[in-house]
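Here the structure comes first, spelled out in structure tokens, and everything after it is commentary.
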Amino acid sequence: MMEPRLPGIWYASDRQTGFFLVPDGADRKAMFRQLFIATESRRAKEGGVVENGCYLTTPDGDLFQAITWHGKRLGAWRRDFAESTEALGIVTGRFHGRRLMTSDGRRYWFRDLVVERW
């Protein structure tokens, strides 16, 4: 099953989207700048990451900000993101089909999320 199409995200074979939890009162832009700083040995050598103008609100009221990394080696970006955010204690999420799966074990159907742009 395909991932849902979200506003503000450009889909292509050399791009992949992930999400990070923005706690209440946190500055999402400051968090975005910190997402990759705890990577011990950086695997991603080319490409980049951009903050998307899209976020998801879960039924629990948690806000997940979308980011997209691009480049030839998407797996390197995905591993760097996972390693760094785990070290920083940041909860992340990715779509598997039409379910958002979070790094802390929660699962949400797309139909249960509020999708917004800013």
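The values are calculated or read from the model by the stated rules, or taken from the named source; none is laboratory data. These figures come from a predicted structure and were not determined experimentally. All Cβ positions, glycine included, derive from the backbone under ideal geometry; neighbour counts span all protein chains shown. Areas reflect the complete protein model, heavy atoms only, side chains present, ligands, DNA and RNA absent. Shrake-Rupley method; radii C 1.70, N 1.55, O 1.52, S 1.80 Å.
Phe110 is checked against (1) in contact (Cβ under 8 Å) with a residue 12 or more places away in the chain; (2) open to solvent by 50 Å² or more (accessible area, probe 1.4 Å); (3) among the aromatic types (Phe, Trp, Tyr) and fails just one. What number does that condition carry?
Of the numbered conditions (1) in contact (Cβ under 8 Å) with a residue 12 or more places away in the chain; (2) open to solvent by 50 Å² or more (accessible area, probe 1.4 Å); (3) among the aromatic types (Phe, Trp, Tyr), the odd one out for Phe110 is (2).
From the list Gly75, Gly105, Gly71, Gly89, exactly one residue is farther than 17 Å from Thr58 by Cα and open to solvent by 30 Å² or more (accessible area, probe 1.4 Å). Which is it?
Result of the check over Gly75, Gly105, Gly71, Gly89: Gly89.
Just checking, does the range 69-87 include any residue being among the aliphatic types (A, V, I, L, M) and part of a loop (DSSP other than H, G, I, E, B)?
no
Restricting the search to the range 40-67, which residues are among the charged types (D, E, K, R) and part of a strand (DSSP E or B)?
Within the range 40-67, Glu51 is the sole residue that qualifies.
Across the range 35-52, what is the total count of residues that are under 13 Å from the mean Cα position of the chain (by Cα) and not β-branched (Val, Ile, Thr)?
4
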